[in-house]
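The values are calculated or read from the model by the stated rules, or taken from the named source; none is laboratory data. Here the structure is a predicted model, which is why all the values come from computation and not from measurement. Reconstructed Cβ throughout: ideal geometry from the backbone, glycine too, with neighbour counts over all protein chains shown.
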Amino acid sequence: MNFHQMIPLVPLIEHIQVASSATAVTSTLSKYQLVIVRQGHLTLHFAGHEPIICSQAYACHPNQGDFTIQIPRTKIVDYIIITYSMLPAEHDWTLQGHLTTLSEIKIHYMLDEIIRRTQDHDPLTVWEDTTHIMRMRMMLERILFIYLHESDLTQEKKTASESIDGTISYINEHYMLELTLPMLARRAGMSVGYFTVLFKKMTGKTLMSYLYTLRIEKAKIMFLQTDLLAKEIASRVGFVDYFHFSKVFKKKTGYTPSEYITIHPKI
């Protein structure tokens, strides 16, 4: 999919649905769906295909057929389904698949405006109705532009798996620094939700579990090879609070730092 297809086309919103639970969506010829996740992540199920995890946005093409949207049982998920058409209908519009962006705030602002306008039931004059349709069309076009542009930029930089691999290497080298989920997600060019899902899928651990395990392993080596005090070691492996370090150390090893030093003689 590229911008050349979009130049002669006019996007028109047909329907917008706000949801937070499982939904079945019927595919209609010449009607496209844009699923935008506002909180959490969800899974799209197309017949005959592997489930697709989505934490930002997914463009559904009518050729994919009907689909269902499932959400995790224990998670809060908010999402929007925009059903739209492209005029003139005889032109190709092949947008399909994952869409990513770093401009979620802009998109969510426009979504709020679209929802507000579609829920406003006050009668409109001819002029107001024309203005309303034009504004809705322009906002949808802007949303599609952002997703197309920023998805292309992300793809040009690297694949998602390469981004996670790079993040893991960065953590392994800079574990002693203050590392936060939003910062690492931005560094990888992903939303926090998508980064979280992909990191867990590739490592088998959450980001913090991976980081804490690494820090504790580094601390164990320092206990065995240096005469540094436990508080100094805690600071050197990235813990600002010694009590927190002691708690995590106990959870990961089964021993408090002092017990570990007593049981394991220095090398």
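Key figures
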read-out	value
Within the stretch 165-197, tally of residues that are over 20 Å from Phe239 (Cα atoms) and modelled with pLDDT of 90 or more	1
Residue identified as within 23 Å of Val37 (Cα to Cα) and modelled with pLDDT of 90 or more among Lys247, Lys251, Lys200	Lys200
Considering residues of the stretch 2-30 that are buried (at least 16 other Cβ atoms within 10 Å of the Cβ) and closer than 17 Å to Arg137 by Cβ only, the residue modelled with the lowest pLDDT	Met6
Options Pro62, Pro88, Pro72; residue that is within 19 Å of Tyr147 (Cβ to Cβ), out of contact with any helix residue (DSSP H, G or I) (no Cβ under 7 Å at 6 or more places or on another chain) and surrounded by fewer than 20 Cβ atoms within 10 Å (Cβ to Cβ)	Pro62
Residues of the stretch 23-46 classified as farther than 27 Å from Glu113 by Cβ and within 24 Å of the chain's Cα centre (by Cα), total	4
Any hit, the stretch 226-234, residues being within 13 Å of Ile164 (Cβ to Cβ), of a type in the set (A, V, I, L, M) and buried (at least 19 other Cβ atoms within 10 Å of the Cβ)	no
Those residues of the stretch 82-98 which are touching a residue at least 60 places away in the same chain (Cβ under 8 Å) and either of a type in the set (A, V, I, L, M) or not in a strand (DSSP E or B) (or both), in sequence order	Ile82, Met86, Leu87, Pro88, His91, Asp92, Trp93, Thr94, Leu95, Gln96
Lone unmet requirement of (1) within 32 Å of the chain's Cα centre (by Cα); (2) outside any helix (DSSP H, G or I); (3) in contact (Cβ under 8 Å) with a residue 24 or more places away in the chain for Lys266	(1)
Residue within the stretch 39-49 that is free of Cβ contacts under 8 Å to residues at least 60 places away in the same chain and more than 30 Å from Ala188 (Cβ to Cβ) present	yes
Selection count, the stretch 44-58, where residues are closer than 19 Å to Leu198 by Cα and modelled with pLDDT of 90 or more	4
